[in-house]
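The values are calculated or read from the model by the stated rules, or taken from the named source; none is laboratory data. Note that this is a predicted model, so its numbers are computed, not measured. Neighbour counts are summed over all protein chains in view; Cβ atoms, including those assigned to glycine, are modelled from backbone coordinates with ideal geometry.
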Amino acid sequence: MTLIQLSTKEIEEHNDDKSTWIVINNKVYDVTAYLKEHPGGEEVLLEHAGKDGSEAFEEADHSSDARELMTKYQIGELNEAERKPIIKRKTISFDSEESSLKIKIISVAVPISLGILAAILYRKYFHS
């Protein structure tokens, strides 16, 4: 199935609750029927109506279920001349040295903090 190519000018015309189109990573979605169902509220969608909402969509860290649901609302693609670079889904990496150090610190600091708290509570309530 070939998707229709749409210009930003055409998309900009669909910017209210009667017709709500949003561009996410160069794909165009008609989310008008989904406004009332959106878990974040219709205002979030209307804020990006007629515009590119890629950055906001990725920052919201949508689930794979939400991404799958989107396919149902796709009506086309942004025409090739107006396409922007794809915004990648943000992922948490535990491979970097910085992340590894943070995990090590947390894995030591949390038990020590809980131990100190337990000792203070024991002294206060059980050791008169």
I need every pair where a residue in the stretch 6-28 that is on the phi > 0 side of the Ramachandran plot and at pLDDT 95 or above has its Cβ under 7 Å from the Cβ of a residue that is buried (at least 16 other Cβ atoms within 10 Å of the Cβ) and of a type in the set (Asp, Glu), sequence separation at least 6 or different chains. 26/77
Reported set for the stretch 7-26 where residues are surrounded by fewer than 19 Cβ atoms within 10 Å (Cβ to Cβ) and outside any loop (DSSP other than H, G, I, E, B) is 8, 9, 10, 12, 15, 16, 19
Being at pLDDT 85 or above, closer than 30 Å to residue 23 by Cβ and not in a loop (DSSP other than H, G, I, E, B) is the requirement here; does residue 120 meet it? no
Within the stretch 50-74, of all residues that are outside any helix (DSSP H, G or I) and surrounded by fewer than 15 Cβ atoms within 10 Å (Cβ to Cβ), the one farthest from the chain's Cα centre (by Cα) is 74
